[in-house]
Amino acid sequence: MDDEHTAGFREPCAQCAAVDWGVSDEGRFYCRSCHNVIERTREVVDPNFTPGSTRISTISRGSRTKRPERGRQWMICEGFQFILRNQADALLRLGVSPNFKDDVLCQLWRLYLQKSRQAFTHNPVTSSKFKVRGLDSDSDSAAELSVVSANETNLSCTAESNAESSSEWSLCSGSVDASSYLSARLRRTRGLMSMMKTLALIHLALIWSAETLTLSDLLRLVNEGHVPYVNAYEELPDEMKLEGKDALIFRVEAVPSHQTVHKEAETLLLFLQLPAFPPVSRQSLLHPSLLSLRYLMDANLPDELHLWVCRLVERTGMADETLHVSDRLLRPVLPRYDVQAAALIIVTMKLLFGLDDHTEWDLSNQTGDQDDTGDLFNLRRWYRLLQAALIRAQQRRDRRIARKQWKAKKPLYDNKREKYSMIKNKRIAEQVQSCFERLSSCPVGVDRINPSSFRFCWGDEDGADGPSLHQKKLDGVVTLKLDVLTPLNSTYWHPALKACKLRSCSSHYSEVEPTLPRTFVWLLQLFSFLLDVKPAYLYEEVLKVERRAINSKTHRRKRRRTRAKTPAETKAKTRTRTQRGQENR
Amino acid sequence: MDDLEKELRPLDDLEDSSDDNSSIGIKKSKLPLVNPICEETLKETGFHRSTRGCLEQIRDALLHHRWQEAAEYMACYPQMLENTTHSAVQQSKELIWRISTEILHHHPNSRLEDYNNIYERMKHSGVKHYLMICLEHSFHLMLNGHIEDAKHQLSVAESWRHGKESAAQYQNTKLIQAYRSLLDYIIWCDKKFTHSKTDHHDTGDNQDMHSYFRQASVNLKEILKNPGVWDPFILSYVEMLEFYEDHEEALKVLNDYAYDDTFPPNPNAHVYLYQYLKRHNATDKKLIKVLKVLHVLVPSHELMLEYSSLLLQSEKKSDHQKALGVILEMLDFACWRGNLDVWKRLKAIIQKLQLQEDWKDVVSEKMAARKDWWPALHFTRFHASKDSEENPELKEVKASLTKILCPDLTLKYSAG
């Protein structure tokens, strides 16, 4: 094998005068008889060889000082700006209104930069050598984020100060302030940007502009690759070189969970000290009444259930409260529309079906006996359909996760030492991959799933997960009693409560789960799969909804009668069974 | 009072322990636990989850022989090599090497180029596995008939040096040298074959052949000094030496192999020595000497027949008795039960022994230890019926011997 590479090189060795060359692992020529290494290296003929990140960038003349081999000087927040822009563009392509990017996200970003003193401020948080222009910047041109224009000079250093600063320019990163960005002092203030914060910022902007993209939808889009996140730094312009410590900031190997991003968004809300959010109207699809309709459809539950969910929404008072984000300055609370809607559906089902492993099956048996036409909603049939579809969908998801490729085409390396071995490993990985791609004639890379709001597809078409049960009637579960629709089930169970420390306990689900009825646990798992959250998280939300429903004062005082065609209010008697006294308020 | 308590306490312990023994106690299992390779750790990033899931799918596909699916997942797995933790990368290199070759063995579309590609890549991926992968690669080429390529691979591997690493793997280096010499021998055989076919003697070819012989013999001589089981290498070396008529060296090599105490006991060594001596018309005495050791090692060896005939041919009476012992020991093993030649030889020995006066004592002495179980082994009614169906001649011979071997017992094995 060596002969191919040393072919043509017939110089005698300087030490032993033999002509017997080999190529070592590093690509250097060495004499096989005396092991003398010479300076000649093997020319890489391998067509698959990727040169790595040190490419020659464009050389241009201008007032801005640029080093030809290193691009231009840039700051970390510039990088994040580009990434945010790309993410926003992706969302616009998916159908979000442009108002979200131009009016909301930009303003939030600028506010963030100001609050964290990275820009638009008189005393910037990073090195004082960089003179930054103040607030009299042009707000119109600032809206043009997509152009590498004078906008950048707001954030980057002026040309005059380059002489002194370039000597201090850190050699361990492509950006100017990566090392100070990561310093302990700045990290303590907790104001600095991270990749996860980009998602939190986008989530805040989405809520503000009342877009119907929930957090679970956003994270699903990120997971499926429609919104850039992992390896988002690859789309930065070429002049911005990423090296060294930049890797610690921009390289991510996981998509954060729902809970994490939500907490981060709340922290950001506090940091930015935003005023009250614009209210969420009842017609908006983010409102629980309408959002639950979407989840009901996805879970193949009958449309008649929606009425009961709306009743529950009004009873718990969530119809009004979610109309605005709480602006308590000490502890802002962001609503979790998606998780709340799912919890509402679960509690409604608990009211109607009991879900204690006995009642629902008895009701289902009765329905099966009574039903001649097949029009009634039968829980057993629904469960069988959903279970099969759920298992299939989970397997599909596991396979997709197994195939997912995380590493970028232009990887980032922490330090130079490991860079060479990583490049070599990457080459090997690519070779093995192409060999097996050829062998199996199946290219690597997840199939691009078309983005969809729904996880399942119910109906009669090809590729549907099963027949649709949306039109079934709930007559087997509810009856008319004194002209009022009442559920046949009249009991309600509640897990045991006890006092616990507010701050230290996160969730008691893992302890309680063995005691819960299996149907309920399965239902939690179904909705956790739909939203891609952990069952414990959803369980806590269910408890919160129940607490609201029990504590609400509305059901005693107000008796609202609607004039609509639908039957009047329900009078579901609930009898809570708390085993141990204290509730945690 | 304290003493009383102390005295009482041991009784309690006894009762408790007996309770434990009587009930189905929970005993700690002493079986070794398998270290799971696909284990979910606490802090797992999406990347780790993906690679772990991928490995699980590959493992599942391999166990169920779904080769196409395994190949598809194997295409997604190499991103593990770009992991930032070095220990995980090292482990995954070996995994990728072994799993890839396994998939290539079974996938219908695999070609030799794929093998070469994978072997070359994984060879240079790290220093720990370089020699092993070289060996495996050359084995694969050997098995597919590409002898020259195999030899080339091994020569490259032989000249590999990497400081401490190559010193630590010296056993692998020895293996590589040995197999390279074996390949030299194979090429030498080919050349000899073609050489003998052609009528005119091409000196160039001749030289070539001799050079291979020289290369092979130098290494083999070195290798064979190390204790071990080197059967195929010995045979090839001896064959080459015989061709060049270096009998002294051949004999020396074989003797060393057979009689060196540092080598593990190997009956084949004695077999080779015996065959060589027989080829070269050695004296009976020498042959008997070699076979004596073999008899101790493997009493059921097929050469024991020849041993017994050699002993029978000698003049000494003690040798005849020894022959009887040899044959009886052979028949102790069930594999020779139905062999006509062995029984015939036994009959011949008995006949020769009957020329002496005290033959009955000799026979009974030899049969003393066997009287309890030989009838069950050879002379039951089942054997009688089976032998009369399958091999009537054997039955005759055996029947004639029953009275002689076991005179006291009435056996159900009768002629007719």
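The values are calculated or read from the model by the stated rules, or taken from the named source; none is laboratory data. This structure is a prediction, so every number in the text was calculated from the model and none was measured. Note that each Cβ is placed from the backbone with ideal geometry, even for glycine, and that neighbours are counted across all protein chains shown.
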Exercise for the section: Evaluate segment A:446-465: report whether one residue or more is within 14 Å of chain B (Cβ to nearest Cβ) and modelled with pLDDT under 80. Expected result: yes
Reported set for segment A:232-254 where residues are surrounded by fewer than 21 Cβ atoms within 10 Å (Cβ to Cβ) and under 14 Å from the mean Cα position of the chain (by Cα) is A:V252, A:E253, A:A254
Considering segment A:263-276, residues that are crowded, with 19+ Cβ neighbours inside 10 Å and not small (G, A, S), and then whichever is nearest to the other protein chains (Cβ to nearest Cβ), we arrive at A:E264
Of the candidates A:M349, A:M422, the one satisfying the condition of being among the aliphatic types (A, V, I, L, M) and without any contact (Cβ under 8 Å) to a residue 12 or more places away in the chain is A:M422
For segment B:355-370 the number of residues that are in a loop (DSSP other than H, G, I, E, B), under 18 Å from B:E329 (Cα atoms) and of a type in the set (A, V, I, L, M, F, W, C) is 1
Scanning segment B:110-145 for residues that are within 11 Å of another protein chain (Cβ to nearest Cβ) and among the acidic types (D, E) gives B:E113, B:D114, B:E120
Any residue in segment B:254-277 that is exposed (fewer than 14 other Cβ atoms within 10 Å of the Cβ), out of contact with any Pro (no Cβ under 9 Å at 6 or more places or on another chain), assigned to a helix (DSSP H, G or I) and not aromatic (F, W, Y)?
-> no
Considering segment A:410-425, residues that are in contact with a helix residue (DSSP H, G or I) (Cβ under 8 Å, 6 or more places away or on another chain) and either more than 27 Å from A:S179 (Cα to Cα) or modelled with pLDDT under 80 (or both), and then whichever is nearest to the other protein chains (Cβ to nearest Cβ), we arrive at A:N425
Review point. Within 14 Å of chain A (Cβ to nearest Cβ), in contact with a helix residue (DSSP H, G or I) (Cβ under 6 Å, 6 or more places away or on another chain) and within 22 Å of B:Y237 (Cβ to Cβ), is that true of B:A150?
Key: yes
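Being within 20 Å of A:V230 (Cβ to Cβ), at pLDDT 90 or above and not hydrophobic (A, V, I, L, M, F, W, C): is that true of B:G46 here?
No.
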*Can you confirm whether segment A:372-379 contains a residue that is hydroxyl-bearing (S, T, Y) and away from chain B (no Cβ under 12 Å)?*
yes
Filtering segment B:52-85 down to residues that are more than 7 Å from chain A (Cβ to nearest Cβ) and modelled with pLDDT under 90 yields B:M80, B:N83, B:T84, B:T85
Do the conditions hold for A:I428, that is, is it over 28 Å from B:Y119 (Cα atoms) and over 19 Å from the mean Cα position of the chain (by Cα)?
no
Taking segment B:153-181 and the residues there that are within 14 Å of chain A (Cβ to nearest Cβ) and either of a type in the set (S, T, Y) or more than 24 Å from B:L112 (Cβ to Cβ) (or both), the one that is surrounded by the fewest Cβ atoms within 10 Å (Cβ to Cβ) would be B:G163
Residues of segment A:509-550 being modelled with pLDDT under 90 and either more than 21 Å from A:L355 (Cβ to Cβ) or among the small types (G, A, S) (or both), in sequence order, are A:S510, A:A549
Test: B:N117 is surrounded by 15 or more Cβ atoms within 10 Å (Cβ to Cβ), of a type outside the set (S, T, Y) and over 13 Å from B:L183 (Cβ atoms): yes
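Let me confirm something: among B:S110, B:S87, which residue is free of Cβ contacts under 8 Å to residues at least 60 places away in the same chain and either under 30 Å from A:L412 (Cβ atoms) or aliphatic (A, V, I, L, M) (or both)?
B:S87
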With respect to A:A402, is the statement that it is within 30 Å of A:F527 (Cβ to Cβ), more than 13 Å from chain B (Cβ to nearest Cβ), within 26 Å of the chain's Cα centre (by Cα) and surrounded by 14 or more Cβ atoms within 10 Å (Cβ to Cβ) true?
no
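Here is a list: B:A399, B:A368, B:A384. Which entry is over 35 Å from the mean Cα position of the chain (by Cα) and loosely packed, with under 13 Cβ neighbours inside 10 Å?
When all the criteria are applied, what remains is B:A368.
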Looking across segment B:153-191 at residues that are charged (D, E, K, R) and touching a helix residue (DSSP H, G or I) at 6+ places or on another chain (Cβ under 6 Å), the single one that is nearest to B:V127 (Cα to Cα) is B:E158
